Every structure is written in structure tokens, then in C-alpha cells.
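I have placed the structure first, in the form of C-alpha cells, so that the comments after it can refer back to it.
Quick note: the coordinates plus some simple rules give every number you see, no bench work behind them. Given the structure is predicted, the values throughout are model-derived calculations rather than measurements. Glycine gets a Cβ as well: all are built from the backbone with ideal geometry, and neighbour counts include every protein chain shown.
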Amino acid sequence: MKKPFLSLTIATTLALGGVSSSPVLAAPAHSSPSEKAPSSDKQIVKRINVDKIYNNIAYLSQSPRVAGTESEYKAVQFIKKQFKSYGYKAEIEEFQFLSYTDPNKVELAFDGYDGKVQPKHLTYSVNGDVSGDVVYAGIGTLEELEQANVAGKIALIQRGNLSFAEKVVNAAQKGAVGVIIYNNAVGDLNGTLGGVNDQYAPAVTITKEAGEAVVAKLKNGEKVKASLKIEGASSGEKTSYNVVATKKATKNIKAKKSDIIYVTGHHDSVAGAPGANDDASGTSVTLELARVLKDMPTDTEIRFITFGAEENGLLGSQHYVDNLSEDEINRSIANFNLDMVGSKDAGELVLLTNDGEPNLVTDLSQASSKRLNGVATPYGEGGRSDHVSFSEAGIPAALFIHNPSEPWYHSPDDTIDKISKEKLQDVARIVGTAVYDQAKVQEKKPNPKHKKGKKQRMPHLHFKKDIR
Ligand code: BES
Ligand code: ZN
């Protein structure tokens, strides 16, 4: 059900091999239909009201919206109310997740080593109050732990090769009462065990410097004892939510068969951060585009979604994508994911794809930004947000973000006063016109070169290698 994207001229040229195989293709002037859409662009641009975006950010960023808390639920109710006021029947989807609360006390003291030790807990580590001889166990394979005879002792393991979780589970399996992992690079090591597991022993990390100093003593035949305390950590099941507003295809096509485009953001924030930019900004642009596009004639379904528990590991989007039917996945052509799109103190807008390759989302957005601003927004490689869940399901997806990020990222200073209306407006325009360019009802001229089922190459407006 994909609409032809190439003009006949370009498709023919490519089919005849008349254009070099270089991925860098300049957009030929006046040849792509996507570059000749000023009237529909204007319809979208004039409808976007940046004050509405700004006011929604101001409301949402009054406090942090940590997934699974009352404050997330309040935000979710607000988002649903906004969608409904635009005429959508918005749905709240609930899902459960395991959340981890960091310990309030992490202590490690060596008897036999006087250097500075600043232990960090590994996320998902269990609590404990243990002491014993320290034994060196290499990188923490089962064989090394067996050979080091770690039972009843504290295993000192070097970072690398195995995951932190594998090292900790291996050590616990061989009877270690605690685990210390030392860094293999300079600096602190803030790691995660990746999830809850009742087979863990209490585990902390230390620097390379401290770890190597203790290993040297042990190798020298000296005895080193340690006591390790982790207190206040907890894990438990929590509930988070996605909010979904769907605009069905309006015309010309059986709604059941239409393509689906997703415009998304995440409404949750990290603890302590009001998350004005991360990501009340993407949530509020998503809301505004839902309002703007509500009554526009489209032959494509558009789903506007704000996800919960993104900050806990993209959990809301993962839950959403996992529950799409095969038919829905097949009909899904694009995910425009907006995350951190309004900071005054961040750099330029970029489009990031999980594999660094261009796709329909970057193509449409480069074309719309070129039409609106005269320059195509560059693309590059990047994960770290909900587009990854779509991309892993085979749905073309890109993250809209400013690069470099603002210094307030994940901090209490991510507040409304750092938000730029110009940036919000620019992103809303680029995404709104890109989505509508693809979704609008248009006369489809039969294209003899466009064989059914055959993938078409697209003209890209690609630039430099990294952030291209
Ligand atoms: N908005 C950020 C992702 C981000 C920040 C991307 C800066 C690029 C530059 C997102 O909300 C986030 O913080 N993601 C987590 C990863 C996630 C899998 C928990 C992150 O990057 O630490
Ligand atoms: Zn974010």
C-alpha cells in the first residue's frame, strides 16, 4: 500500500542506471512531487499554534513525571483530555514494569588498601551487608571464579567481555557473598545489571586505579579484606501508560488497508527533572500536530502516541510495538519520534536513525525542511529513544532532536524558561508538513516502472558522513 514517492523521471533514470551509485544524490530541482507541495505545506504551517505547544509544556513540566508515579498519571490524564478536546477518542493503554529504586547507602572499605575508594552501585543490585577476603577472579568467567575459590568471599572482577549481570550471577553461583567490578578505563563506572534477578549478590563498581592497586597487592601475596554495604535499594512492579489518539484515513481507501504513520514522544521524565525539554516538548508537539491534522483529508492512518517509561528502557514503546498485529506492522510506514525538540541551549535539529541509514522518515523530513527552510535537516546515527522500538520491528523510524544536547539534560534545570518557541515551531512545521505530504489524499498516476512488491529507491538529500 506504499505510495509512489519518486517522480517518474527519477525512477526511470535510476532504473536505467543513469545516476551514479553514490548515496549522495542532490535533489533535482522541480522534479520530485514532494518538492512541489507549497499549498498543502501552507495549510499545515498556518494551523500550527506554537503558543499551544508552549503552554502544554508549561503545564506538563510543573513537576517530574517519573513512570509509575501519581505525577505520571496526572500527565497522562492531561494528555488524554487535550486529545479529546481536539475531537479524538483517545485511549490510555496500561502496562506493568519492574522498577528499581537506587540505594541510599553504598559503602565499601578495604582492610589492607588505604587508597581512595568511591564505590558506585550497579543498577538493579540487591542490598547487602557483607565482609570477607577479597579474591581476584579475572573477568568473572565461571572457570576463573571456580579457580579463585570465591565461596564465602568477595570477588574482585575486571570490567570487560561479559556483561555486568553475567559476572555477578557467575560469582553468586560460585558462592561469592559480594562482587566488586573495577573499571578498565579511567573514571567512575556507572553500570546497570539490566534487570531484576534474585540470583544477584550485592555488587558495586570502583575505579581502574583502585581495582588495579588491590589486584597488585593480592598478586603480591598480601591479604585484603573488604566490607561492603548496600542499603535502601528496592524493586517492585509499577504501572505506566501510553496515550494513543488515532486519525483514521478519511477518504478513497478502505481504512483497514491504509498505511499507518506514527507521530510520537514520551511523557515520562527522570526523577528530579521537570523534563520540559525531555520530553514535554516532544509530547506537546505531538499533541499540536494531532490538533492540526485532525480534519485534514488523508488516505493514511495517523497515530499520535505519547509513551510512558521511556526513561526506564523504552518500555512504553516496546510494549506498544510488541502488541501490534502482523497486519498493523505491515501497514506501518513511518515513525516520527520527537524527543528533546525545544531547548534554547541545544544545537541544531538532526534526524537520527537507529542504523544511521536514511529511510522514508528522513526522506520526507529532508524534503519538507528543504521546502520550508531552503536546507535539508541533516541525518545521522542514534538510538536512545522510542524510535528504536519501531526500528527494531522493521518500521522506518527517526528521532528528531537537537545536537548537541543542552546542559540541563536530566537535571532539575530542564525547565520551561529554557524552551525556545522558534525551535518548537521549526520542528512542528517540518514534521507536520512531512507527515501530511505523505498522508494527504492525492491523485496517484499509474507508474509503469513501479512493479508491485518491488522496493523503490528514493532520492536522498544526504550530506556529511556522521551527522549527514
Ligand atoms: N531524550 C533522551 C535520549 C537522548 C538524550 C538522545 C540526548 C540523544 C541525546 C532519552 O529520554 C533518554 O534519556 N534515554 C536514555 C536511554 C533509555 C534507553 C533509558 C539515555 O540516553 O540514557
Ligand atoms: Zn527523552
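Structure data summary
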item: Exceeding the 18 Å Cα-Cα cut-off - candidates LYS52/LYS84; LYS370/LYS418; LYS174/LYS217; LYS153/LYS217; result: LYS370/LYS418; LYS174/LYS217
item: Peptides 376-389, 39-52, 399-412 ordered by average Cβ neighbours within 10 Å, highest first; result: 376-389, 399-412, 39-52
item: For TYR182, distant residues with modelled amide H under 5 Å away; result: ILE157, GLN158, ARG159, ILE206
item: Backbone HN-Hα couplings from phi across segment 343-356 [Karplus 6.51/-1.76/1.60, Hz, Gly and Pro as x]; result: 7, 4, 9, 9, x, 7, 5, 9, 10, 10, 10, 4, 9, x
item: Per-residue HN-Hα couplings for segment 227-232 [Karplus 6.51, -1.76, 1.60; θ = phi - 60°; Hz; x = Gly/Pro]; result: 10, 10, 10, 10, 10, x
item: Sorted largest first, extent of segment 342-436 alpha carbons per principal axis (Å); result: 36, 30, 19
item: Gain on full stretching of the segment that runs from ASP345 to SER235 - 0.36 nm per residue minus C-alpha separation; result: 36.1 nm
item: Per-residue ³J(HN,Hα) for segment 279-291, Karplus 6.51 cos²θ - 1.76 cosθ + 1.60, θ = phi - 60°, Hz, x for Gly and Pro; result: 9, 4, 5, x, 4, 6, 5, 4, 4, 5, 5, 4, 5
item: Compactness relative to 2.2 N^0.38 Å, alpha carbon Rg of segment 103-232; result: 0.91
item: DSSP bridge orientation in segment 271-426 - percent antiparallel, rounded to nearest 5; result: 45
item: Over the chain, equivalent-ellipsoid semi-axes from the Cα gyration tensor in Å; result: 49, 25, 20
item: FRET efficiency estimate (nearest 0.05) - Cβ-Cβ, ASP295 to ILE139, R0 51 angstrom; result: 0.25
